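The values are calculated or read from the model by the stated rules, or taken from the named source; none is laboratory data. What you are looking at is a predicted structure, and each value in this text was computed from that prediction instead of being measured. For neighbour counting, all protein chains shown are included, and Cβ atoms are generated from backbone atoms with ideal geometry for every residue, glycine included. Calculation scope for accessible area: heavy atoms of the full protein, side chains included, ligands and nucleic acids excluded. Shrake-Rupley method; radii C 1.70, N 1.55, O 1.52, S 1.80 Å.
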Amino acid sequence: MDLRVEKRLGLKELVGKVMSAQEAAALIEDGSVVGMSGFTRAGDAKVIPMALVERAKNEKFQIDVYTGASLGPEVDKYLAEAGVIRKRGPFQADSGIRNMINSGQVSYVDAHLSHNAELVRQGIIGPIKHAIIEAVAITEDGMIIPTTSVGNSPIFVDYAENVIIELNISHPESMIGIHDIYIPGEQGKREPIPMTNAEQRLGTIGIKVDPAKIQAIVISEEPDAPSMIVPPDEETQNMANILLDFFRDEIKAGRLTNELAPLQSGVGSVANAVLDGFADSEFENLVVASEVLQDAVFNLIDAGKVKFAAGASITLTKELQEKVYGNLENYADKICLRPQEISNHPELIRRLGLISINTALELDIYGNVNSTHVSGTKMMNGIGGSGDFARNARLGIFVTKSYAKAGAISSIVPMVSHVDHTEHDVDVIVTEQGIADLRGLAPKERAALIIENCAHPDYKEQLWDYYNRAVEATGNAQTPHILEEALSWHVNLAKNKTMKKEIVKA
Ligand code: COA
């Protein structure tokens, strides 16, 4: 046996379970529910899914795939396009599976990421026939050490009838020790989660497994698919500056200190760029308590701004992968990966008082946010953890550029075409135009701030026109709307490829 494999396979009784990806893929039963490791393209099994793609060339079979969050192309593109995925949850971000979801070929359950583990416990997700988990090692005392994400792997391993391990020897051994696996007990019987500080460790360095459940071990050397985020631009830099000024005002008001509060920052280019903006600020000793640790977090560790970062996964661009995984020992005592039911736990988000920064696709003049559905109909990615954080955070902040598609779309509309975060969960909105602090404001007060401070100049007059007519039409009601017109901007976009309208002046 390869020495590198021998070193990582501590539990010697498992040596006989090592087999090829094809042999392991043949074990997956048609119609079964499969729980896979992986979270935002990190820590997912890769060679077994590709062997399943090969198997699908000669045999028709389908499985339901549940994961931590989005996976790399092996599952969310190739396996989906091979027709193998019947149902998928709880998050995806690949155009391959997205197109299949939006053409009805894959059934997609878009769910709060903190909820999945409870659904497994309740048997709503399951029974899980197979858990397929990428690991960096299996220890002598029978613990699976995950790789670049923890996600839902612990609950899948616990509840699955069979566990298949993809032992990835390309991940550095120095990954052993960065995970903290704590599993809450059954609902109604569990103790409070004993965390009062985001830097605290609560559990074990790996996932305990009954070795008898391990059905196969497949060796892999495939790296994670790199993240596709684009670098910050002038507008996202501007959004970061606006947000930093807001935090300075919060400090002056005595609500925050220079260390702020544990920060959560969402997926995607915009959230990453906004976090990157902290690099040139005076803020220091920052703690990140997020779900995805993107490039910006490691840049901020390097800049001496972030002293500790915890999440459920590490998702990096190619450049940062080389830098971080090539020198992981430099970061190991400053990072921690947790199960997503802990990173996203409402109890902890509220107790630790997180500042949460997530991205909206669109929002309306009263502060309702759509993060998931383009024009109310087509799934983009999913709600991910944004709802877990926004509702429970000390400050629920949403960022977005004020426009999309070269200005054909206003990100601020009269009424959102789908609601992920209601006005009750949205504290602050930031666009490149400015900020609306909605805390303590009534709907009409919010509308004035959102239109005046956050809307793109090309759409401001159009929004005021709608709002003023809605106030008049409803007799100045609590939340004025003209129902026949509220979604007309999206209708206009579908018909004329723009939300811009001629305003008819009386
Ligand atoms: N209508 C239609 N399309 C829109 C749009 C709108 N109102 N606003 C943005 N888009 C499009 C952009 O044009 C872009 O399209 P492209 O991929 O064809 O270029 C795409 O959406 C992504 O937008 P971008 O501005 O590049 O932002 P992003 O990479 O930061 O992603 C979200 C934004 C909302 C899609 C992403 O943050 C997301 O999926 N969020 C939901 C999950 C979440 O918040 N998780 C956080 C917990 S960690």
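Observations
- Single unsatisfied condition, ALA447 versus (1) out of contact with any helix residue (DSSP H, G or I) (no Cβ under 6 Å at 6 or more places or on another chain); (2) farther than 17 Å from MET499 by Cβ: (1)
- Check on SER375, hydroxyl-bearing (Ser, Thr, Tyr), over 17 Å from SER265 (Cβ atoms) and touching a residue at least 24 places away in the same chain (Cβ under 8 Å): yes
- For segment 129-157, the tally of residues that are buried (at least 23 other Cβ atoms within 10 Å of the Cβ) and either of a type in the set (A, V, I, L, M) or in a strand (DSSP E or B) (or both) stands at 17.
- Condition check for HIS130: out of contact with any Cys (no Cβ under 9 Å at 6 or more places or on another chain) and either hydrophobic (A, V, I, L, M, F, W, C) or more than 16 Å from the ligand (Cβ to nearest atom) (or both): yes
- Boolean, ILE335 is within 15 Å of the ligand (Cβ to nearest atom) and either touching a residue at least 40 places away in the same chain (Cβ under 8 Å) or out of contact with any His (no Cβ under 7 Å at 6 or more places or on another chain) (or both): no
- Filter result for THR479 (more than 23 Å from the chain's Cα centre (by Cα) and of a type in the set (Ser, Thr, Tyr)): yes
- Whichever residue in segment 366-383 is open to solvent by less than 20 Å² (accessible area, probe 1.4 Å) and more than 9 Å from the ligand (Cβ to nearest atom) and, among such residues, is farthest from ASN468 (Cα to Cα): MET379
- Residues (in a helix (DSSP H, G or I) and open to solvent by less than 10 Å² (accessible area, probe 1.4 Å)) located in segment 342-365: ILE342, LEU348, ILE349
- The residues of segment 278-303 that are more than 14 Å from the ligand (Cβ to nearest atom) and either among the small types (Gly, Ala, Ser) or within 14 Å of the chain's Cα centre (by Cα) (or both), listed by number, are ALA279, SER281, ALA303.
- Just one of (1) under 22 Å from ILE335 (Cβ atoms); (2) at pLDDT below 95 fails for VAL230. It is (1).
- Residue in segment 87-109 that is farther than 18 Å from GLY382 by Cβ and not polar (S, T, N, Q) present: no
- Where a residue in segment 12-37 is free of Cβ contacts under 8 Å to residues at least 60 places away in the same chain and its partner, wherever it lies, is part of a helix (DSSP H, G or I) and surrounded by fewer than 23 Cβ atoms within 10 Å (Cβ to Cβ), with Cβ under 8 Å and at least six apart: GLN22/ALA51; GLN22/GLU54; GLN22/ARG55; ALA25/ALA51; ALA25/GLU54; ALA25/ARG55; ALA26/ARG55
- Checked against (1) of a type outside the set (Phe, Trp, Tyr); (2) near the ligand (Cβ under 10 Å from one of its atoms); (3) free of Cβ contacts under 8 Å to residues at least 40 places away in the same chain, LEU363 passes all but a single condition, namely (3).
- Test: ALA93 is over 21 Å from THR148 (Cα atoms) and out of contact with any Leu (no Cβ under 6 Å at 6 or more places or on another chain): no
- For segment 392-492, the strands (runs of 3 or more DSSP E) that sit wholly inside it and include 1 or more residues that are buried (at least 21 other Cβ atoms within 10 Å of the Cβ), away from the ligand (no atom under 16 Å from the Cβ) and in contact (Cβ under 8 Å) with a residue 12 or more places away in the chain are 435-437.
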